[in-house]
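Enquirer: Before anything else, here's the structure in question.
The values are calculated or read from the model by the stated rules, or taken from the named source; none is laboratory data. Computed from a predicted structure; not experimentally measured. We place every Cβ from the backbone using ideal geometry, glycine too, and count neighbours over all the protein chains shown.
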Amino acid sequence: MNCALRSVESADWPRLGQLVAESLEDGYDFLDTLVDELRSGADRFDRPGEMLLGAFDGAALVAVGGVTHDPYTEEPGIGRIRRVYVLRAFRGFGVGSLLVRALMVRASAHFHIVTLRTDSERAARFYTKLGFSSSSGRDAVTHIWLPPATPLPHRDGLLR
């Protein structure tokens, strides 16, 4: 698989359709919520440190995920990995790892704690392999990552 990562812009929103449909088939409605929030303006991933990132196979959007300020806390400096989904046909090829690692690079420059929540055991193992630790000390959090004091390096300007 040769996927390219880039920000998901409003012109890309129609490309979310296949991801939404498949995630609903899998029993997850968080991408449906994402589309509603993007359209309503409730969440645009446009505050400092935030980003909605997509993995594109040509023009096709095959994976998506974002980093935002954690909406479940008022504490500053806490980010949250959100809305991560990879099309089934693209799983097992490193697309999800590439996407989440890029979000971690972005987060490391803006947040001192990064949280997430998953109810999937498979996803829990995935995030643990990427460096997240299981956590039960915060509401709506299953995993936490403490970025290094020096932000992680990146290869281009995409993640600043």
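Enquirer: Look at the stretch 15-57 and say how many of its residues are in contact with a Lys or Arg (Cβ under 6 Å, 6 or more places away or on another chain) and not in a strand (DSSP E or B).
Expert: The number of residues fulfilling the criteria is 2.
Enquirer: Can I ask one more? Could you please find all residues in the stretch 103-121 being among the charged types (D, E, K, R) and either under 24 Å from Phe56 (Cβ atoms) or in contact (Cβ under 8 Å) with a residue 40 or more places away in the chain (or both)?
Expert: Passing the criteria: only Arg106.
Enquirer: Filtering the stretch 48-69 down to residues that are at pLDDT 95 or above and farther than 15 Å from Asp12 by Cβ, which residue is surrounded by the most Cβ atoms within 10 Å (Cβ to Cβ)?
Expert: Taking the candidates together, the pick is Val67.
Enquirer: Something else: From the set of residues in the stretch 72-81 that are in contact (Cβ under 8 Å) with a residue 24 or more places away in the chain and surrounded by fewer than 23 Cβ atoms within 10 Å (Cβ to Cβ), which is farthest from Phe111 (Cα to Cα)?
Expert: Only one residue fits best here, namely Tyr72.
Enquirer: Okay, moving on. On the given criteria, is Val100 out of contact with any Phe, Trp or Tyr (no Cβ under 9 Å at 6 or more places or on another chain) and either in contact (Cβ under 8 Å) with a residue 12 or more places away in the chain or of a type in the set (S, T, N, Q) (or both)?
Expert: Against the criterion (out of contact with any Phe, Trp or Tyr (no Cβ under 9 Å at 6 or more places or on another chain) and either in contact (Cβ under 8 Å) with a residue 12 or more places away in the chain or of a type in the set (S, T, N, Q) (or both)), Val100 does not qualify.
Enquirer: Continuing with this model, one more query. State all residues of the stretch 124-153 that are closer than 12 Å to Val114 by Cα, part of a loop (DSSP other than H, G, I, E, B) and touching a helix residue (DSSP H, G or I) at 6+ places or on another chain (Cβ under 9 Å); if no residue qualifies, say none.
Expert: Gly131, Phe132, Thr142, Pro147, Pro148
Enquirer: For the subset of the stretch 88-121 comprising residues that are in a loop (DSSP other than H, G, I, E, B) and of a type in the set (Phe, Trp, Tyr), which member is farthest from Gly27 (Cα to Cα)?
Expert: In this case the residue turns out to be Phe111.
Enquirer: Can you pull out the residues in the stretch 108-140 that are buried (at least 20 other Cβ atoms within 10 Å of the Cβ), within 19 Å of Pro71 (Cβ to Cβ) and modelled with pLDDT under 95?
Expert: Residues satisfying the conditions do not exist here.
Enquirer: Could you check the stretch 82-93 and list, in sequence order, the residues that are on the phi > 0 side of the Ramachandran plot and either surrounded by 14 or more Cβ atoms within 10 Å (Cβ to Cβ) or touching a Lys or Arg at 6+ places or on another chain (Cβ under 8 Å) (or both)?
Expert: Listed by number, the list holds a single entry, Arg83.
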